[in-house]
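K.L.:
Next up is a structure, given as structure tokens.
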Amino acid sequence: MRDGLRHRGPYIAAFIEGDGSMGIRILNDRNRVTDGAIPRLRPHVIMYQKISGYMDSEGCLNFHISKTPAKVGICYYIRPRAIIGMKLPESYSNYFNVINRFLYKEGIKGYVNIQKSGMSVITIEGDKNVRKFILVISPYLTIKKEQADIMLKIISFLKMKRGKMTQEDFIKAMEMIDKLNSLKSSGRGKTLKNGYSRYNANYFRRMWGLDEKTLPLTVEKGV
């Protein structure tokens, strides 16, 4: 375990910054780790570990479901998002812009927003961007590793069904999204007066009914 932790220093540091506390433990000389035993990591690996630490502590992987009028009925859009939000110290208020520029050089487009509360939020949207983002941080994730794996499967499914998605395919995608949301401790979805959540698989089952004809559905392309 200790050998593994020595390789995950940037991750642990970022996790503590996001959602942790720090203490000191005095070890005897027999358990002391010398400087020479600490490996040197490549700069991009250090940054990936930091980002994964922030994602595990203060991040969110989700799908934004929206609707828009169409020529026939209504089109529903499923758009993946990866979000990290933290209230940074004033001296580090520009740090998320540093991360965003790093990701841009890696071919991942995102944007940073600073809210009135002082919360800094970095958002990555779209199939291609989110998929690539997850692939580079997934090896270092711990808490959200399972969520990341499910999200990749959903993105692959949506890509395979793009342009030919049926109601049944859409509901299958929503079932996978429901599984993703079930792994989140805070829970997801706004509860309606009828007792169901918007949006989940049951919402669309009840809205469309089992015997209705398939309506044209659209899954938005990645940025």
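Taken together, the values in this text are just the output of simple stated rules run on the coordinates, not laboratory data. Predicted model only: the values in this text are computed from it and were never measured. A quick note on method: Cβ atoms are made from the backbone with ideal geometry, for glycine too, and the neighbour counts reach across all protein chains shown.
K.L.:
Provide the packing ranking of 85-96, 122-133, 56-67, i.e. peptides ordered by the mean count of other C-beta atoms within 10 Å per residue, highest first. Don't skip to the end; give the middle numbers.
P.N.:
Numbers: 85-96: 13.9, 122-133: 20.6, 56-67: 18.2.
Highest to lowest by the protection proxy: 122-133, 56-67, 85-96.
K.L.:
Any chance you could run the full-extension gain for Lys87 through Lys109? It's 0.36 nm times the residue separation minus the Cα-Cα distance, nm to one decimal.
P.N.:
Working: separation 22, 0.36 × 22 = 7.92 nm, distance 2.18 nm.
That pair, Lys87 and Lys109, stretches by 5.7 nm at full extension.
K.L.:
In whole Hz, what ³J(HN,Hα) sequence does segment 142-157 give by Karplus (6.51, -1.76, 1.60; θ = phi - 60°), x for Gly and Pro?
P.N.:
Karplus-based 3J(HN,Hα) across segment 142-157 equals 10, 5, 9, 4, 5, 4, 4, 5, 5, 4, 4, 5, 5, 4, 5, 5 Hz.
K.L.:
Moving on. Using the basic label-point model (7 angstrom from Cα toward the beta carbon), what is the Val121 to Ile171 distance in nanometres?
P.N.:
3.3
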